[in-house]
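The structure under discussion appears below in the form of structure tokens.
The values are calculated or read from the model by the stated rules, or taken from the named source; none is laboratory data. All of these numbers come straight from a predicted model, not from anything done at the bench. All Cβ positions, glycine included, derive from the backbone under ideal geometry; neighbour counts span all protein chains shown. Keep in mind that these areas ignore ligands, DNA and RNA; they rest on the heavy atoms of the full protein, side chains included. Shrake-Rupley method; radii C 1.70, N 1.55, O 1.52, S 1.80 Å.
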Amino acid sequence: MDSRSDEDVLLFHGQEFHTSYWGHRGILGIRDHILLPGYAGYPNTAAASLYPMNADVYDMAHALGALVGAVHPFDTEPNPYANPPERITDELPVDVALGKLDYMEIVGFSDHRSTAAVWYKLLNLGFRLPAGAGTDATTNYAAPIRGQVGMDRVYAWVPEWPLNIDVWFDALKKGRTFVTNGPLIEFTLAGQRVGEELRFKGVQDAVQFTAKLRSIVPVDHFEVVCNGRVAQTLKLEGKRDSADVTGTLALKESGWCVLRASSDGAEYPVLDNYVYATTSPVYVMIGGKAPRSPEDAKYFAAWIERTIDETSHYPDWNSPAEKEYVLKRLGEAKAVYERLL
């Protein structure tokens, strides 16, 4: 903990692992030392090899007590079916399949809707991936690239005060969070907070939910989303900056539900392309059946196949063993999604 922390603000240092090939990753709560070098896959450098891949970085970070998340993931939703083929090397679905990732930035230096679209597909397959956030503020620049510190932020529900940072990290890992660049939102389903699981023996026709909104700017959309589809559009009145809603949802299959709020365009003083907030999911299990989405499993299997193709042609390895190892890990992750078909 930084010496400038006080009873109101806890200041901690972390690390961003900058492998542009595999995707940038945030490392929170790391102890003892940072990971060096802080990147791989940089051509024409001593760290040109694609080893270590991000999955290995997670193991190193976890051994030092850290949480690891995917940061500023996507400006557009990857299309593994594109013709001509789209270059796709982000390791996200690999990391999730191998059980390495602790959270995912849904609000950050990226397109929030495109990022959420990928997140929804992973949730549809039964993976439990909490929502995180981060501004990626370059505070050593005269004009930060994408906003000041704290523009994109994650709130975590904690059961005690004064705050203990380990309790906060635990809340993040358990998905007791919402993320935002402006609006404050709160969601419960059947009385349970986000991050919790509901279990029902059969289909439910009317499960009560609560949804709250408080915002410094107006929003255009306030919605409950379940299994990737808008389950209910919530009414906004007046200035569209506040709402308290109670209603019911029909839950027909296992999966998840989140609450989200957004605008169609920029709304000053939120210095972003549009306003966006989402909770982490409340998870739903009906009849003991795991969530199923063959279409999304096919999507990620095709994604990793594109990554395998790109990686197999990559020239800068330190040894044949490194290349063999990386391709083997990619194949293991692809097999996870093929089994989910």
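Results, tabulated for the structure shown:
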read-out	value
Computed Kirkwood radius, in angstrom, where 1/r is averaged over Cα pairs of region 56-113	12.9 Å
Accessible area of the chain divided out per residue, in Å², using a probe of 1.4 angstrom	48 Å²
Cα-based convex hull, region 1-126, per residue volume (Å³, whole number)	144 Å³
Neighbour count of at most 10 Cβ within 10 Å plus DSSP loop: longest GluC sites (Glu not before Pro)-free window in the chain	8-159
Whole-number percent relative contact order across the chain, with pairs defined as alpha carbons under 8 Å at least 6 apart	16 percent
FRET efficiency estimate (nearest 0.05) - Cβ-Cβ, ASN140 to LYS289, R0 51 angstrom	0.50
Region 115-205: Cα Rg divided by the 2.2 N^0.38 Å rule of thumb	1.33
Normalised convex hull volume, region 1-55, alpha-carbon set, Å³ per residue	99 Å³
Cα centroid separation - region 3-22 against region 176-199, whole Å	24 Å
Full-extension gain in nm, ASP264 to ARG4, via 0.36 nm per residue minus C-alpha separation	89.7 nm
Pairs of lysines in the chain (C-alpha under 13 Å apart; 8 or more residues apart or interchain)	7
Kirkwood-type radius of region 160-283, with distances r between different C-alpha atoms, in Å	15.3 Å
Separation between Cα centres of region 27-85 and region 212-261, rounded to whole Å	34 Å
Alpha-carbon Rg/Rh ratio, for region 238-339, with Rh computed the Kirkwood way	1.16
Crossing angle, helix 54-63 versus the chain [Cα axis fit, 0-90 degrees, rounded to tens]	70 degrees
Heavy-atom accessible surface of the chain: percent carbon and sulfur, 1.4 Å	51 percent
Using alpha carbons only: equivalent-ellipsoid semi-axes of the chain, gyration tensor based, whole Å	32, 26, 19
Helix-only CD estimate at 222 nm, as mean residue ellipticity for the chain, using -39500 (n - 2.57) per DSSP H run (n ≥ 4)	-7000 deg cm²/dmol
Computed accessible area, HIS313, all protein chains, 1.4 angstrom probe, square angstrom	130 Å²
For region 75-153, diffusion coefficient by Stokes-Einstein and Kirkwood Rh (Cα), 4 °C, 1.567 mPa s, µm²/s	92 µm²/s
Per-pair calculated FRET efficiency, R0 = 30 Å: VAL230 and ASP309 via Cβ, rounded to 0.05	0.30
Label-to-label distance, nm, for residues given as THR210 and HIS33 (7 Å Cα→Cβ offset)	4.9 nm
Cα-centre dipole for the chain with unit charges at Cβ (Lys and Arg positive, Asp and Glu negative), debye to 20	980 debye
Listed residue (ALA46, ALA66, LEU92) projecting farthest to the positive dipole end of region 1-119, Cβ model	ALA46
Difference of contour (0.36 nm per residue) and Cα-Cα distance, ALA48 to ASP220	57.4 nm
